[in-house]
1. Mind checking the dipole of the stretch 160-210: about its Cα centre, +1 per Lys or Arg Cβ, -1 per Asp or Glu Cβ, Debye to the nearest 20?
2. Based on the alpha-carbon set only, what is the convex hull volume of the stretch 36-139 divided per residue, in Å³?
3. For the chain, what is the calculated [θ] at 222 nm in deg cm²/dmol (nearest 500), taking -39500 (n - 2.57) for each run of four or more DSSP H residues and dividing by its residue count?
4. Given contacts defined as C-alpha pairs under 8 Å and at least six residues apart, what's the relative contact order of the stretch 36-139, whole-number percent?
5. With +1 on the Cβ of every Lys and Arg and -1 on the Cβ of every Asp and Glu, and nothing else charged, how large is the dipole of the stretch 88-225 about its Cα centre, in debye rounded to the nearest 20?
6. Between Arg118 and Glu65, what FRET efficiency comes out of the Förster formula 1/(1 + (r/R0)^6) with R0 = 30 Å and r the beta carbon distance, rounded to 0.05?
7. Under a Cβ-only charge scheme (Lys and Arg +1, Asp and Glu -1), can you give me the dipole magnitude of the stretch 36-139 about the Cα centre, in debye to the nearest 20?
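Read-outs throughout are calculated quantities, based only on the coordinates presented, and are distinct from any laboratory measurement. Here the structure is a predicted model, which is why all the values come from computation and not from measurement. Cβ coordinates were reconstructed from backbone atoms using ideal geometry, including for glycine residues, and neighbour counts include every protein chain displayed.
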Amino acid sequence: MPVDLIKIYQALEHRYPRMSGWPGGQWPVGGQFKPERLEVVAGAILTQNTRWSNVERALQGLVEEGLVDATSIDSCSLSRLEGAIRPSGFFRQKAVRLKRAARLILDYPGEFYQQVGREELLSTEGIGPETADSILLYACEQPYFVVDAYTQRIFARYGLVGEGASYQVTQEFFQTNLPLDVGLYQRFHALIVEHAKQACRKTPLCDGCALQDQCQFGLKESKVR
Ligand code: SF4
């Protein structure tokens, strides 16, 4: 019987009604601030091994240096790029990765955001499944469910994915049990991130959690009390 992930999605949506999609929106686009596609690519690389608040500072650093398009990122000196993204941590490694991504976009024999495939992204050094799927889902609007440590934690506790399940197994679980819907995948992932920050933390706050009545871990916790 298919798992009712939509019910979980709805419970989270009810709890966090403002969460909708990619948490960017610092780069000016046409005079407005909203997530730009390259900002999503940069954010997906910068967020590797760090918290989002550091990514925001690094994205702002790119704005201040005028490095908000692929050509500028590709042509600027490595040291300038490193300086701009320093708050993200691992800034030397990430600067190289940003430059690689910019070159991939510039060299792409077609419209990158409409045509790039998952395998092409994964064959680029420094782009793993989570980074690739974040780019595909939020910048390219392709239906790939993004799996991160928060997703693994919440759904292992809930009892729907195994402890230590691989990225691929977890992704297949979501994609098999949800309709192929880009907007749904975007919002669901944003809700998972919010839930992991607000309630399902390393030490979970199960009392009053929106998922407690069905979550295996949460149910055990309530019986202990
Ligand atoms: S009940 Fe507890 S373990 Fe389960 S999802 Fe909520 S916070 Fe996490």
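1. 180 debye
2. It is 86 Å³ per residue.
3. Calculated at 222 nm, the ellipticity per residue is -16500 deg cm²/dmol.
4. Computed over the stretch 36-139, the figure is 35 percent.
5. So the magnitude is around 700 debye.
6. Using R0 = 30 Å, I get an efficiency of 0.50.
7. 420 debye
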